[in-house]
1. Once fully extended, how much extra length lies between ALA71 and GLU107, figured as 0.36 nm per residue of separation less the alpha-carbon to alpha-carbon distance?
2. Dividing the alpha-carbon radius of gyration of the stretch 2-141 by 2.2 N^0.38 Å (N being the number of residues), what value is obtained?
3. So who's got an amide H within less than 5 Å of the one on ALA91, skipping anything under 5 residues away but keeping other chains? H placed 1.01 Å off N, in plane.
4. Run the reach check for LYS142 against lysines, Cα to Cα strictly under 17 Å, same-chain hits fewer than 8 apart removed. What comes back?
5. With θ taken as phi - 60° and the coefficients 6.51, -1.76 and 1.60, list the Karplus ³J(HN,Hα) couplings across the stretch 119-127 in order, rounded to whole Hz; mark glycine and proline as x.
6. Sorted by packing (mean other beta-carbon atoms within 10 Å per residue), highest first, where do 28-35, 129-136 land?
7. Going by average Cβ neighbours within 10 Å, how do the peptides 110-116, 96-102 rank, with the highest at the top?
8. So how strong a dipole does the stretch 2-141 carry about its Cα centre when Lys and Arg Cβ are +1 and Asp and Glu Cβ are -1, to the nearest 20 debye?
Amino acid sequence: MRLTTLVILIGTLVASAAAFAHSGVANPAVLQRMEAMKQIGDQMKVLGSMAKGQVAFDAGAAQAAVDAIAAQAAQVPDLFREPVTDPKSEALPSIWESYGDFTLKAEALQVAANAQISAERDLAPTVAALGAACKACHSHYKD
């Protein structure tokens, strides 16, 4: 359960930081990327609050959250295709220097989000897999 707690904490911190980072973004492409990441973070909060027992497990809400993450993850390669920047962006230049690896990491997030959550026992491994996929990308490509 420790890994799940760590993953939830990371997801919450990322989502909180994203909310502050969006103010003052001038480049519309960067803002669109940031909004997509925020939406993923928001869905991780839904899953995390269930995993921590802060809210009751709801299979429908959990499945909707992973489905939304999968949909956003599918958009990530296109959102980052062009190396546009903004002073508020946390995207590192290494995204475009290693774009193939970056897209593989986005695909790994999408695969992790293709999980089926029909019972509470499905939640922890799904949250752990999603958190690991997020961390794998952020550790290389996010400032």
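What follows draws every value from the coordinates through simple rules; no lab data is involved. This is a predicted model, so every value here is computed, not measured. FYI the Cβ positions are ideal-geometry reconstructions off the backbone, even for glycines, and counts take in every protein chain you see.
1. Details: separation 36, 0.36 × 36 = 12.96 nm, distance 1.09 nm.
Separation in residues times 0.36 nm, less the Cα-Cα distance, equals 11.9 nm.
2. For the stretch 2-141, the normalised Cα radius of gyration comes out at 1.02.
3. The answer is ASP143.
4. LYS38, LYS88, LYS105
5. For the stretch 119-127, the Karplus-derived couplings read 9, 4, 5, 7, 5, 4, x, 5, 4 Hz, x marking Gly and Pro.
6. The densest-packed peptide leads the list: 129-136, 28-35.
7. Ranking, from highest mean packing down: 110-116, 96-102.
8. Here the stretch 2-141 has a charge dipole of around 360 debye.
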